[in-house]
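*Asks:* Here it is, the structure in full.
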Amino acid sequence: MKTETSSIWKNAIYSGLISGLICLLVMLVGLVESFGETYIISGLITLGDIILLIPVVLMTFMSLRGSSNLPRSNLAGISAIIGLISGFIISLLVIFGQTVDLRPMFVNASPKLFEMVMRGVPLPLGALVPLLTCSVAALLTLGIHLIPARPRAAVIQGLLWVVVLGTLRDQILIIDLFKIQPFAIVLKRVVFAISGLRPLGAVLVFAIVTGLMYYLSGRKKDPSVIKSPIVVKRNRIILIIILGALLLSLPWLLGIFYSEILDTTGLFILMGLGLNIVVGFAGLLDLGYVAFYAIGAYTMGVLTSPGHGLFNLSFWQALPIALFAAWLAGIILGLPVLRMRGDYLAIVTLGFGEIVRLLVLSDWLKDILGGTQGIQSIPPPIIGAWKLNSLPLLYYLILISIIIVGFIAWRLKDSHLGRSWMAIREDEDVAQAMGINLVMTKLLAFSTGALFAGLAGTLGATKLTSVYPHSMTFIISINVLAVIIIGGMGSIPGVFVGALVMVGLPNLLTEFQEYRYWFYGLALVGMMLFRPEGLWPEARRKLELHEAENNIGPPVSNEPSINETAGAVQ
Amino acid sequence: MLKRWRQTLTWMDIVVWAIGIAIGIAIVIGTIRTWQAALYTPEQWINLTIDGLKLGGIYALIALGYTLVYGVLRMINFAHSEVFMSGPFTAVFLAKYLDSIGFYNSYPLISLFLITVLSAGVSVTVALLLERVAYRRLRYAPRLVSLITAIGASFFLQYTFRGFYGTDPETYPTVDALKGFWTIGSVSIPKTDLVVIIAAFILMLLLYMIVQRTKTGKAMRSVSEDKEVAALMGIDVDRIIVFTFALGGASAGIAGVLYALVYQQVNAFMGFIPGLKAFTAAVLGGIGNVVGAWLGGTLLGLFESLGPNLFLQGLGIPAANQLKDGIAFAILVFILIFRPTGLLGERISKTKA
């Protein structure tokens, strides 16, 4: 018994050390200071404070979950230890940073950061402040942990909403809809301050959301009432009409700032739908996906730009040619590449992507592709008398493209071809034994993906009215990959969710741009470790990924690669 | 024989070989034309070769990390380029400090030793953290999952170090003792280049000895043959994997210092391109093979430094040096297509690649 209790405390100390070190990382990377001006609750809590305390809260939560059968006094002890140790580590950094100037090395270890962490209290006493805040955070976590499950979910939702609304204060107030009079007055006088929420507003938001969530979670579906199919169908039609109307009016309700974000997100949804076929359906990891976007965009640029003066086609004349070019590129690149599997394929496609970028940048092809300057003044598409030259108008073009592409992807998924792709994804050898033509099927996946990326490329080129080689980097490929992985590989709704989370949200928060790819990396690793099936998983994929847990023990026996390691270290 | 050939040959092979032969012919024509035009003096060619050897040595040291990890885990450690970056990017602050107190130029050997130790230490730490936090849980996960994790970790590390040390590149102070040239006949070789070539060669030899001659090296090789049987033979597989990451990290950290001696500037994104090329080198030589890493690195370095002048210019491509990265990637693509096992590797393509 004694060894058991001592191991509990040891674990708590361990968790405390880890959370303290993560706090240091977060501080030194600069997250805390950059968000130090973004108030959640005006004058009280900034987003930086929240970010600083997230490691403490998470570590406490994880430790508590692992030891839920202990008496409450022990739990309190664990929380207190984690909070105090984290706080102590932060204090050490603060004291050290105040005596020695760390800035020649760590650019973010500024006096402002330390002042923020100490909440404005000068040094001798200020060193105690992190101890206090971290302990409070840890004990609050304990408090939430001890509430019964149903209200706990509601409380957590309430807190999350406060943080989200507080962070997005500026973004909410510039929505055109909320500029209409009665809304605007209420929002500005009661809910929002100059930065973040007013304390009263925060309490209101928390109370409303918590109450609502509690009420909703209490409503049980009555299994005895079965809705008639007609009612279900009618409801669905009504839902679609409402959704359609909402989608159509979105740019006018939200305003120009949001139109830009909607357009960008839309382009990533298009690319995501394409890559989802390649990676999600067929399981071919393509890291050079941006190459097809580039080919689409450049073909469009070369064909239409009057400044370029080579062809001067209109958007609609150039569109099929650009799509064909992207599709052909998919086949040409796919032919040799598809003979290899798995991670080699990923690296080769990455190599292809880089080659395309280097060619585009080179002086060699400068006369055609414009070198580093790219191609300018691409004309907008014209429908009848309409010139689609503004962001809200382009939104409709992108929306229509998404609907078409989404429909194709959705129909393909359950088709013969789609099932062949999934068979290849699961086991190439078995798929081949079942009579699937591997080359043809893979090529179709690759070229369809390329086609969709090409479409996104043409639209992207018209949206920016120019094409730059520097916007065609590897990072875009990773961006699209992150979209489909976060959403859930192979899942079509997942692409939408992923694009909203990974593209829409970061574009909303301008302060966030600096750390965007930091979070991408974190999200990819975290997702793969804890939820590899994504936010909106596809059923089959989920089964595959959790295969190992259903069979007992590691699936070594059905992995011949380990036994036939001919290419061992020699 | 011919009959079997005809049976296994598909139309895809024909297309692939056609592309390959076309490129081969283009290279030969380019080379001949450059040769005939006599664009460069022999001294210039020697200098370019030395340049290539220097780059090759650095690539080989980084490639070792890819190769060793691939050997034991069968995964491409995409974040290895960040392991390579983290060392020199941290050690630059020590170098600057030593320079500011004058120690750097009065005791260059001790200073360089300290910098190398710090750089290797940081790289090893990052490599071990990666293994512990990210890869250990995924040892039996599908390959796609571990590769995506590695890509994510790579981005996370890049932007973490950028956050730590800032966006601006830092500059290594130059060592007075390494300035200038050694002249042999009509050829003058920069001192730094020679030091880098020799240091990289000695290190590769040392690492080869560790893998080939020590008991831990033997254990490592057996783990890469078969994890289970190795475990049955009393080998602590976890410990060996950790050791492998540490060894790869150390060689990457040292390669980082050599890289910094040559290029001087370091920043958070310096790892990506050398990392990709080192991976190319590992594949070129045959992944999982220490000698292969050395051979691949050297060949790649030579291709890259000689290639643009040798055959691209002969083909009439302006500013051919802009495409030297392209040559490396093209080699990667073609090696993987025509001989995925690399020059020294055995036939693993069917089961592994």
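*Asks:* List the number of the failed condition for B:Val72; all other conditions in (1) in a helix (DSSP H, G or I); (2) at pLDDT below 90; (3) within 14 Å of chain A (Cβ to nearest Cβ); (4) in contact with a Pro (Cβ under 9 Å, 6 or more places away or on another chain) hold.
*Replies:* (4)
*Asks:* Being within 19 Å of A:Val107 (Cβ to Cβ) and in a helix (DSSP H, G or I): is that true of B:Val92 here?
*Replies:* Taking the combined requirement at face value, the residue satisfies it.
*Asks:* Taking the options A:Thr458, A:Thr465, name whichever one is over 22 Å from the mean Cα position of the chain (by Cα) and surrounded by 24 or more Cβ atoms within 10 Å (Cβ to Cβ).
*Replies:* Residue meeting the stated conditions: A:Thr458.
*Asks:* Right, something else. Are there helices (runs of 4 or more DSSP H) fully within region B:218-330 with at least 3 residues that are in contact with a helix residue (DSSP H, G or I) (Cβ under 8 Å, 6 or more places away or on another chain) and more than 19 Å from B:Gly65 (Cα to Cα)? List them.
*Replies:* B:227-232, B:290-307
*Asks:* Got a sec? Which of A:Leu335, A:Leu365, A:Leu361, A:Leu319 is touching a residue at least 24 places away in the same chain (Cβ under 8 Å), facing chain B (nearest Cβ under 10 Å) and over 26 Å from A:Asn437 (Cα atoms)?
*Replies:* Testing whether each residue is touching a residue at least 24 places away in the same chain (Cβ under 8 Å), facing chain B (nearest Cβ under 10 Å) and over 26 Å from A:Asn437 (Cα atoms) leaves just A:Leu361.
*Asks:* Also, quick follow-up: Which one is farthest from B:Gln265 (Cα to Cα) among residues in region B:50-69 that are within 14 Å of another protein chain (Cβ to nearest Cβ) and either more than 24 Å from the chain's Cα centre (by Cα) or hydroxyl-bearing (Ser, Thr, Tyr) (or both)?
*Replies:* By that ranking, first place goes to B:Thr67.
*Asks:* Report whether or not B:Val262 is out of contact with any Lys or Arg (no Cβ under 7 Å at 6 or more places or on another chain) and either away from chain A (no Cβ under 13 Å) or not acidic (Asp, Glu) (or both).
*Replies:* Answer is no for this residue.
*Asks:* Condition test on B:Val133, is it exposed (fewer than 15 other Cβ atoms within 10 Å of the Cβ), in a helix (DSSP H, G or I), free of Cβ contacts under 8 Å to residues at least 60 places away in the same chain and within 14 Å of another protein chain (Cβ to nearest Cβ)?
*Replies:* yes
*Asks:* Can you name the condition, by its number, that B:Val291 falls short on among (1) closer than 24 Å to B:Asp51 by Cα; (2) in contact with a Phe, Trp or Tyr (Cβ under 6 Å, 6 or more places away or on another chain)?
*Replies:* (2)
*Asks:* If a residue must be more than 11 Å from every other protein chain (Cβ to nearest Cβ) and buried (at least 24 other Cβ atoms within 10 Å of the Cβ), how many such residues does region B:212-253 contain?
*Replies:* 7
*Asks:* Mind listing whichever residues of region B:279-297 are within 12 Å of chain A (Cβ to nearest Cβ) and closer than 18 Å to B:Leu323 by Cα?
*Replies:* Passing the criteria: only B:Thr280.
*Asks:* Now for a separate question. If A:Leu284 satisfies every condition in (1) assigned to a helix (DSSP H, G or I); (2) farther than 18 Å from A:Gly296 by Cα but one, which is the exception?
*Replies:* Here A:Leu284 clears every test but (1).
*Asks:* What are the residue pairs meeting all of these: first residue in region A:505-523, first residue within 15 Å of A:Ile476 (Cα to Cα), second residue at pLDDT below 85 and not basic (Lys, Arg), Cβ atoms under 6 Å, and 6 or more apart or on different chains?
*Replies:* Every condition considered, the pairs that remain are A:Pro506/A:Phe512; A:Arg516/A:Pro506.
*Asks:* Take the residues of region B:311-338 that are modelled with pLDDT of 75 or more and more than 7 Å from every other protein chain (Cβ to nearest Cβ): which is surrounded by the fewest Cβ atoms within 10 Å (Cβ to Cβ)?
*Replies:* In this case the residue turns out to be B:Phe338.
*Asks:* Just checking, does region A:113-124 include any residue being within 14 Å of chain B (Cβ to nearest Cβ), closer than 26 Å to B:Tyr165 by Cβ and surrounded by 18 or more Cβ atoms within 10 Å (Cβ to Cβ)?
*Replies:* Yes, region A:113-124 has at least one match.
*Asks:* Let me spell it out: the conditions are (1) touching a helix residue (DSSP H, G or I) at 6+ places or on another chain (Cβ under 8 Å); (2) within 14 Å of another protein chain (Cβ to nearest Cβ); (3) not in a helix (DSSP H, G or I), and A:Leu93 meets all of them except one. Which number is the exception?
*Replies:* (3)
The values are calculated or read from the model by the stated rules, or taken from the named source; none is laboratory data. Model, not experiment: these values are computed from the prediction. Note that we place each Cβ from the backbone using ideal geometry, even for glycine, and neighbour counts take in every protein chain shown.
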